[in-house]
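Q: Dumping the structure here so I can ask a few things about it.
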Amino acid sequence: MSKYIAKQSVGRSKTGEVVEGLTEKRAKFLLEQGAIVEAEAVEGEDVDTGEGGEVVELDTLTNKELKALLDEEEIDYNDSDTKAELIARFPKD
C-alpha cells in the first residue's frame, strides 16, 4: 500500500501529514483532485503544500463524492440528504 502526503486538509490529516487508511479508489480520486501526493514521488523533496491550511471546497463536490468522504470518515448520513445536509455533517474544525 502506498503512502500519501496531504497537500491540503483531508479527513483528519492536515496539510503535510501522512494520509493513512485510504482505499485504492479514494486515493485515486484524491490524487486526481491534487489533495494528496504519493510519498515515494516526493522522497527527498519538499512537498509544496500551498499557503497552508487549504481545505477541499465541499460545495464543489457531487453528492456521490460527499457521501464517499462521509463514508471514509465513518460519519452517518441519510441517503435522502440534500447536498447542503451532507456538507453540514462534516466537522467544522
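Q: Could you tell me whether Glu85 is among the acidic types (Asp, Glu), loosely packed, with under 14 Cβ neighbours inside 10 Å and modelled with pLDDT of 85 or more?
A: yes
Q: With respect to Lys64, determine if the residue is of a type in the set (D, E, K, R), modelled with pLDDT of 85 or more, within 24 Å of Ala84 (Cα to Cα) and loosely packed, with under 12 Cβ neighbours inside 10 Å.
A: Taking the combined requirement at face value, the residue satisfies it.
Q: Still on this structure, I have one more. Could you give me the residue pairs with C-beta distances under 9 Å whose first residue belongs to the range 57-75 and is in contact (Cβ under 8 Å) with a residue 60 or more places away in the chain, whose second residue is loosely packed, with under 10 Cβ neighbours inside 10 Å wherever it lies, and which are 6+ apart or on separate chains?
A: Filtered contacts from the range 57-75: Glu73/Pro91.
The values are calculated or read from the model by the stated rules, or taken from the named source; none is laboratory data. Note that the structure is a prediction, hence the values are computed from the model and not measured. All Cβ positions, even for glycine, are placed from backbone atoms using ideal geometry, and neighbour counts span all protein chains on display.
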